[in-house]
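Where a number appears in this text, it was derived from the coordinates with a stated rule and is not lab data. In this text the structure is predicted, and so the values were computed from the model without any measurement. FYI the Cβ positions are ideal-geometry reconstructions off the backbone, even for glycines, and counts take in every protein chain you see.
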Amino acid sequence: MYADAPPDAMDYDYDANAAWSLARRRLRARFDGQPDVAVLDIGCHTGSFLGGLPSAWRRHGIESAQVPCRIARERQNVNLIGTRIEAIDAAWAGMFDAVTMFDVIEHLPDPGAGIAQAAQLVKPGGVLLISSGDLDAWTWRWLGSGHWYLSSPKHLSVISEPFLRFMADKHGLELRGITSLSHLHGRAMARFGESVRAIYWGLRQRGGAWRVPRRLLQSLPGLRKLRHMQSVPWTMMLKDHLLADFVVIGMNRKR
């Protein structure tokens with residue numbers, strides 16, 4: 001599905017992408033001043049995230065889309081080590097100070113195996129940063145299978161904090177923290193508008209007694225256009241994602 005993806009399919013303005021900007025701050029706080037830092041971005045696309053890191057850091061990527069791979073090499077000086085996390089050579093185990101996975105876990109039929117494979121690539125004491133949809137977010141609980149991020153057949157899995165804590169215990173990782181965040185940064189009024197649309201769509205999908213608050217909401221001044229909604233709203237500015245920060249304790253990890 002992604003082999004022929006165009007270069008602009010998954011590229012974002014760096015500062016607008018909440019996970020990218022937060023991850024960069026955390027990586028710089030941890031590694032700035034160190035002489036040799038190797039970073040691997042799984043699902044790097046055109047290498048835009050890696051391109052925002054210090055130029056002295058060694059940039060590596062995993063990506064299957066053909067044109068974005070070429071752009072990552074030529075523009076961001078990314079060393080592509082493979083097309084899929086499942087097929088990376090064992091020689092890369094323990095070679096990276098930091099491994100990042102932004103909006104990748106949801107594409108994996110077995111997200112647990114993906115996390116385990118990613119952790120194997122990190123040096124002892126290194127970090128693994130994972131960002132994806134957060135099943136515990138209120139929009140997920142309200143919209144359920146109608147959530148915008150559950151885009152089948154592209155997106156197969158949704159994760160949550162209990163799952164990530166389970167994975168940390170199973171694979172000898174230290175979970176330093178989980179941060180709730182949006183997919184994109186947005187102003188307060190934009191977030192308010194997305195919240196209203198999400199609430200309305202959930203009411204509309206429920207029917208029954210829920211018709212009463214739905215009709216009330218769409219009758220309010222400025223909200224009458226809600227009745228013309230045809231699909232689930234893309235609430236990209238609401239906190240329906242997470243960023244998990246793991247530290248790899250050592251090479252002898254639990255199986």
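Given charges of +1 on the Cβ of Lys and Arg and -1 on the Cβ of Asp and Glu, with all other atoms neutral, how large is the dipole of the chain about its Cα centre, in debye to the nearest 20?
Charge dipole of the chain: 1120 debye, to the nearest 20.
Would you kindly state how much longer the chain becomes between His185 and Trp138 on full extension, computed as 0.36 nm times their sequence separation minus their alpha carbon distance, in nm to one decimal?
15.2 nm
Would you work out if region 1-149 is rounded, prolate or oblate? Take a ≥ b ≥ c from the square roots of the eigenvalues of the alpha-carbon gyration tensor; rounded if a/c is under 1.5, else prolate when a/b is larger than b/c, oblate otherwise.
rounded
Select one label from [x] 36, 20, 17; [y] 35, 27, 12; [z] 26, 20, 17: the one whose number is semi-axes √(5λ) of the Cα gyration tensor in Å as derived from the coordinates shown.
Read-out from the structure maps to [x].
Which order do the peptides 62-73, 103-114 take when ranked by the mean count of other beta-carbon atoms within 10 Å per residue, highest first?
62-73, 103-114
Mind checking which of Ala87, Ala244, Ala38 has the largest fluctuation in a GNM of the chain, springs on alpha carbons under 10 Å?
Greatest mean-square fluctuation among the candidates belongs to Ala87.
Which residue fluctuates the most in the chain, going by a Gaussian network model with Cα springs under 10 Å, if the choices are Asp240, Asp41, Asp32?
Comparing Asp240, Asp41, Asp32 in the GNM, the peak value goes to Asp32.
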